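J.: My structure is below; once you've seen it, I'll send some questions.
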Amino acid sequence: MAAEFPLMLSAGEALTDMIACGHGQWRSVVGGSTWNVARSMAKLGLATGFAGAVSQDLFGQELVRASADAGLDLRLLQQYDRPPLLAIVGESTPPSYFFIGSDSADLHFDPEQLPAGWSSSLQWAHFGGISLARQPLAGKLLGLARQLKAQGVRISYDPNFRNNMHADYDPILHEMGQLADLIKVSDDDLRGLFRSQDADWAFTQLRAINPAATVLYTRGEQGASLHMGELAWQADALKVAVADTIGAGDASIAGLLYSLSMHADREPRSHLRFALAAGAAACLAAGAQAPSLQQVEALFSVME
């Protein structure tokens, strides 16, 4: 008997970060915003699938292995005989990077090739990252988001601004914003997406796209807020020994999705605190981390 299909989905890019180590040496690390969210949800114990495509070479094989290790549903992961998508990270603090991926495997993801019945159990589907700024993949993912929304699946969206998102990204921001039940955004995202240094003004513009959406607004060391309609809840950032902040945003949205799914009766402030605890847990070790439920709950208990 085939295993049941996942309850949670993250769709988009899985890539390899090539991180400069000095003197012409590089370290490769599996990553990608949407893949990190999928891995984080799975690590928290949610039945999760990642829908995307990777190469068949050593970079793609490593992503497949890491997906299996994370407990992701591999039936939704596709492989193609195309080049890998690479993020070249010259500096980590502050991040300095560019992407290499002309005609790379991620662009060939085909939702039509997903197995029959794959979305029958889905509760949430997450979209975002650079996958929505890379055609023709962006168009495929938008179509998938529309299809799942019509099916009754709740949509989560983290634009996760990167330097390849220009004015031509605006229509995607607006459509995904309108489709989303949950939007995660940082102050840096807002400045980039709306091309303004006034993050508060940009946040007002974002809320106007879909006033009914729940919004998780993170501001680094200044903490975060959760917005539902006219109501908002604030929480301070957790004080932890930070190795780095890579992947903290991905872990925080995964934590919020976990809390909303598994503890629907929680007060909104508790959902917010759990999201912050997940983000803080991801900062305890270098590189993008998928913290365990035990790590997150330990930090969450300190905040309650």
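J.: What pairs can you find where one residue is in the range 174-187 and farther than 24 Å from G279 by Cβ, the other is of a type in the set (S, T, N, Q), and their Cβ atoms are less than 7 Å apart, with a gap of 6+ or different chains?
T.: Q178/N210
J.: Related question: Take P115 and tell me if it is in contact with a Lys or Arg (Cβ under 8 Å, 6 or more places away or on another chain), loosely packed, with under 15 Cβ neighbours inside 10 Å and touching a residue at least 12 places away in the same chain (Cβ under 8 Å).
T.: The answer is yes for P115.
J.: Just the residues that are surrounded by 18 or more Cβ atoms within 10 Å (Cβ to Cβ) and at pLDDT 95 or above, please, taken from the range 160-184.
T.: Result: Y169, I172, L173, M176, G177, L179, A180, L182, I183, K184.
J.: A further question follows. Can you go through M8, M18 and tell me which one is among the aliphatic types (A, V, I, L, M) and crowded, with 23+ Cβ neighbours inside 10 Å?
T.: Just one listed residue meets the conditions, M8.
J.: Going by the structure shown, is I253 closer than 16 Å to D158 by Cβ and at pLDDT below 80?
T.: When the stated conditions are applied, I253 does not pass them.
J.: Sticking with this structure for a sec: Name the residues in the range 5-59 that are of a type outside the set (G, A, S), modelled with pLDDT under 90 and in a loop (DSSP other than H, G, I, E, B), would you?
T.: H23
J.: Of all residues in the range 185-228, how many are among the small types (G, A, S), loosely packed, with under 15 Cβ neighbours inside 10 Å and modelled with pLDDT under 90?
T.: Residues flagged as among the small types (G, A, S), loosely packed, with under 15 Cβ neighbours inside 10 Å and modelled with pLDDT under 90 within the range 185-228 amount to 1.
J.: Are there any helices (runs of 4 or more DSSP H) wholly within the range 139-258 with 3 or more residues that are within 19 Å of the chain's Cα centre (by Cα), and if so which?
T.: Here the list reads 170-179, 187-193.
J.: Considering each of S156, S102, S196 in turn, give the residue that is among the polar types (S, T, N, Q) and touching a Phe, Trp or Tyr at 6+ places or on another chain (Cβ under 9 Å).
T.: Exactly one residue qualifies, and that residue is S156.
J.: Filter the range 32-77 down to the residues that are surrounded by fewer than 18 Cβ atoms within 10 Å (Cβ to Cβ) and without any contact (Cβ under 8 Å) to a residue 40 or more places away in the chain and list them by number.
T.: Listed by number, the residues that qualify are D57, L58, Q61, R65, A66, A68, D69, G71, L74.
The values are calculated or read from the model by the stated rules, or taken from the named source; none is laboratory data. In this text the structure is predicted, and so the values were computed from the model without any measurement. When we count neighbours, we look across all protein chains shown, and the Cβ atoms used for this are built from the backbone with ideal geometry, even at glycine.
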